[in-house]
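Peer 1: The structure's right below; bear with me while I get my questions together.
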Amino acid sequence: MPPLVFVVDRREAGKTLAAVLRTRYGLSWSRAKRLVEGRHVRVGQQVETDITRRLKPGKQVVVAAGAVELRTGEGVKGRRGEEAEPAAKPPGYRKARSEAAKPRRPEPRWDVELVYADDHVVVVNKPAGLTTMRHAEEAAEFGERGQRYLTKTLGGLLPGLLGAPDRPVFPVHRLDRDTSGLVAFARTPAAAEHLTRQFQKHTADRRYVALTRGAPEPGRVESVLVPDRGDGRRGSTRKTNPPDGKRAVTHVKVSEELGEYAAVECRLETGRTHQVRIHLGELGTPLCGERVYDRAVNSKPAPDGSGAARPMLHAARLGFTHPETGQPMSWEAKPPADFAALWGTLRRNKNQPHD
């Protein structure tokens, strides 16, 4: 059986990958989730493991051969639009044990460190791999039933960790799923409004440490970021006043040169989506482990011999004015074990003699 191939049409544009797979192939939420997280789906040229990724029109989606068992008599649009008709099952057919629905994989036990908490504010050291908060439009699209099949979020776990499961927390900024480090939540709407203004006015202190391929040029990086730089990725544009553009400023400092790599400190003057990852990539020094912003437009990925399993970015410092007391507060968090281990490896390799 050949792979199933389709191109995202106008009606599907903006919908999540899970929603489109469910509609096209009649899948349940749990089946769509297993299909994507099992690495059976490619969007464009890359394997996609995030079921909440929103699709753009014209993108090609490929479902691996044999990964979807269509119901008898169903036709789906395959490569070049032909209909693929699965063979009918013989009378009395029963699924073999291997075809039966597999039990849901247990959720990972997240090591979430509560750094600070009071009646107004919570500061957490987020582990890599955990989503900060589900976007409101995703929650609305999946509904209460569908959300049961989505992975947990930090915002969803926090009420229980704080001993108040019925009292929600409010996000005031976010970290990428694979970025570790300090992130703040408000515990009241008033505190959320106050903190959100601080982040919007860029008065909060946000500093990251990163491991990069090569050492970037130190200094101030300013650009206008747009959702699509021309190849479906976020990035900087040279267009004047683009309607979807947002000014982004990052201050870059090299902390330690590590041979072909470097440890870098980035201070955010603004806080745009993927800002640090984009700016470091566009400087020609992408993060170790970066798989999205590691190339120029329509170019091949830059080589990465670091062995990093994720983008090596950690939110190491966070500071803001307390919304109730007006007192300045700040916290620092050391990089997690995988980050520290790679840093040590790169340092040792730098000091080893080369033939």
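Coordinate-derived values only; no laboratory data. None of these values were measured; they are calculated from a predicted model. Because the Cβ atoms are built from the backbone with ideal geometry, glycine has one as well, and the counts that use them run over all protein chains shown.
Peer 1: Relative to a virtual label point 7 Å from the Cα of residue 64 in the Cα→beta-carbon direction, which members of segment 1-22 show backbone nitrogen distances below 19 Å?
Peer 2: From segment 1-22, the list is 1-6, 17-18, 21-22.
Peer 1: Still on this structure, please answer the following. Please give the length that would be gained between residue 119 and residue 231 if that part of the chain were fully extended, namely 0.36 nm times their separation in residues minus their C-alpha to C-alpha distance (nm, one decimal).
Peer 2: Length gained, residue 119 through residue 231: 35.8 nm.
Peer 1: For a quick protection proxy, order the peptides 317-330, 234-247 by their average other-Cβ count within 10 Å, most packed first.
Peer 2: Ranked from most to least packed, the peptides come out as 317-330, 234-247.
Peer 1: Taking a ≥ b ≥ c as the square roots of the eigenvalues of the Cα gyration tensor of segment 205-279, is the shape rounded (a/c under 1.5), prolate (a/b larger than b/c) or oblate?
Peer 2: The shape class here is prolate.
Peer 1: Just how many pairs of Lys in segment 237-355 have C-alpha atoms closer than 26 Å, counting pairs that are eight or more places apart or on different chains?
Peer 2: Number of lysine pairs found: 4.
Peer 1: Determine the distance separating the Cα centre of segment 6-59 from the Cα centre of segment 276-355; give it in Å without decimals.
Peer 2: For segment 6-59 versus segment 276-355, the Cα centre distance is 29 Å.
Peer 1: Tell me, what is a quarter of the convex hull surface for the C-alpha atoms of segment 113-351, in nm² with one decimal?
Peer 2: 14.0
Peer 1: Here's a follow-up. Relative to the present Cα-Cα distance, how much length would full extension add between residue 47 and residue 349 at 0.36 nm per residue of separation?
Peer 2: Once the chain is fully extended between residue 47 and residue 349, it gains 105.6 nm.
Peer 1: In segment 209-249, which residues have a backbone nitrogen under 14 Å from the label point lying 7 Å from residue 332's Cα in the Cα-to-Cβ direction?
Peer 2: Residues passing the 14 Å test: 209.
Peer 1: In addition: Note the full-extension length gain between residue 341 and residue 238 as 0.36 nm times their separation in residues minus their Cα-Cα distance, in nm to one decimal. Before the final figure, lay out each step's value.
Peer 2: Numbers: separation 103, 0.36 × 103 = 37.08 nm, distance 3.84 nm.
Net length gain for the segment: 33.2 nm.
Peer 1: Determine the shape class of segment 232-355: with a ≥ b ≥ c the square roots of the Cα gyration tensor eigenvalues, call it rounded for a/c under 1.5, and otherwise prolate if a/b is greater than b/c, oblate otherwise.
Peer 2: The shape class here is oblate.
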